[in-house]
Structure formats: C-alpha cells, structure tokens
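Scroll down for the structure; my scribbles are underneath it.
The values are calculated or read from the model by the stated rules, or taken from the named source; none is laboratory data. These numbers come from a predicted model, not from an experiment. Positions of Cβ are generated from backbone atoms using ideal geometry, with glycine treated the same way; all protein chains shown enter the neighbour counts.
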Amino acid sequence: RVITLPDIADGTLLTNQSSGLGKILQVKYGFRTGNLSTTSTSYVDSGITVDITPSATTSKVLILINYLGGIEGASTGGQEQQVRILRDSTEIFTERTADFMRFMVGNAQADWMINGQLLQNLDSPSTTSAITYKLQLKRSGTGTQYAFAGSNICVMEVAA
C-alpha cells in the first residue's frame, strides 16, 4: 500500500515506499495547560508550542494544531481573532481572514464565542538544528481573545 502526502510548498509528493520517502521519522507533541487571555492587537504567543530537531535538511515537518479559542465582550459588530504559525521567528502560515474566527454582536453586549479549529501545514525547514513551532494570536477589533487549555500541537518529521 502506498501512502502519499502532498507537499503544499512545491507541489511534489512524498511517498512511503521501500525508498523511505514519506516515512515518519519522529513525532513531538505540545499541550496547553491553563487559559490565555489577551486584548493585544499585536501577535502574542498562545502557549501552544513544541520543539523538534530534524534529522536531515531534506526532511519535511507536518504540523497539526488543534486550537481551542474564544472571543468575549466585544463592543462592535464584527470581531475576528487572527492566528499565525511560526518556525522560530519566521512566519510560515497566517490566517487573517474572517473565515478563521468571527462573530457578530450588537448593543455592546458581552457576548461569547468559542471555536475549535484544526490547523495544518507542511513545512520545509531545511535544517538539522533545533527549531520551535508555535501558534500566535491577536485580536482585530474589541473584546478579549482566548486560547484555552487543551489546545495542542503535534509535529511529525517526514523523510523526503
């Protein structure tokens, strides 16, 4: 049986065959304990983070984030929470659209919205040095933004 993973970055396929391409070499996991709340309009660390040291510069890293977030107390109509994934300090994925997390409020009500999202990205770090993957968030508008306990990140090194 052949299992393929699409490489979003360059359109090639990784294949798990006798050559070893596509083989999972290691798995790392990080778990958020406690809740984070912020009113920042600049990106802040969510506490959803994990470290990995790839074994080859040709390896890919598959990133899976199960994110539990929320917005509270917004005083205007449309509120958004924006997120991004960093490899160390390099942004590799950004979700700035209303499609990620958005809700509507009226009359300055202290409304709540809680949302679970699965974020995925296939990265090509091109290094054998230790790297850190993390999720950051910020608000767009008013209200308090949350990253809840139970959010987690899993990264898998994939042989290329």
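Taking the criterion of being at pLDDT below 95, out of contact with any strand residue (DSSP E or B) (no Cβ under 7 Å at 6 or more places or on another chain) and among the small types (G, A, S), would at least one residue in the stretch 52-59 satisfy it? There is no residue in the stretch 52-59 that is at pLDDT below 95, out of contact with any strand residue (DSSP E or B) (no Cβ under 7 Å at 6 or more places or on another chain) and among the small types (G, A, S).
For the stretch 60-83, the set of residues classified as part of a strand (DSSP E or B) and modelled with pLDDT under 90 consists of G69, G70, I71, E72, G78, Q79, E80, Q81, Q82, V83, listed by residue number.
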